[in-house]
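Notes follow once the structure below has been shown.
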Amino acid sequence: MTFERIVVDPARMGGLPTIRDTRVTVGMVLGQLAAGRTTDEVLADYPYLERDDVLAALEYAAAAVNEREVPVARPA
């Protein structure tokens, strides 16, 4: 799955997923929403973000928690 508004660049914010070409991480946006802030409040804090950026952060998080790693059996 590709995310047009989410960028993972090892040279930016330690490789954390960020919103477009900003230094705002997906985690920063999710943290504010989890703390009870509304989308409008988040957008007021980061006026260079758009509503679709906040939705993209939520979509990215939903996809990330649905990923599974299948443990590889180790030889005895």
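What you get for the chain, charging only the Cβ of Lys and Arg (+1) and of Asp and Glu (-1), is a dipole of about 320 debye around the Cα centre. What the Cβ-Cβ distance of ALA44 and ARG68 gives, at R0 = 30 Å and to the nearest 0.05, is a FRET efficiency of 0.25.
For MET13, the accessible area of its heavy atoms, probed at 1.4 Å with every protein chain present, is near 60 square angstrom. Between ARG51 and ASP21, the modelled label-to-label distance comes to 2.5 nm, taking each label 7 Å out from Cα in the direction of the beta carbon. Counting only trypsin sites (Lys or Arg not before Pro) that DSSP places in a loop and that have at most 12 other Cβ atoms within 10 Å, the longest clean stretch of the chain runs over 24-67. Given the alternatives (i) 18, 46, 23, 8, 4, 1; (ii) 17, 41, 40, 2; (iii) 15, 31, 32, 16, 5, 0, P(r) over Cα pairs in 10 Å bins from 0, in percent as computed for this entry is given by (i). Residues whose amide H comes within less than 5 Å of that of ILE6, counting only those at least five positions distant or on another chain, are ARG20 (H built at 1.01 Å from N in the peptide plane).
The values are calculated or read from the model by the stated rules, or taken from the named source; none is laboratory data. Worth saying up front: this structure is predicted, and the values here are computed from it rather than measured. We place every Cβ from the backbone using ideal geometry, glycine too, and count neighbours over all the protein chains shown. These area figures cover heavy atoms from the full protein model, side chains too; ligands, DNA and RNA do not enter into them. Shrake-Rupley method; radii C 1.70, N 1.55, O 1.52, S 1.80 Å.
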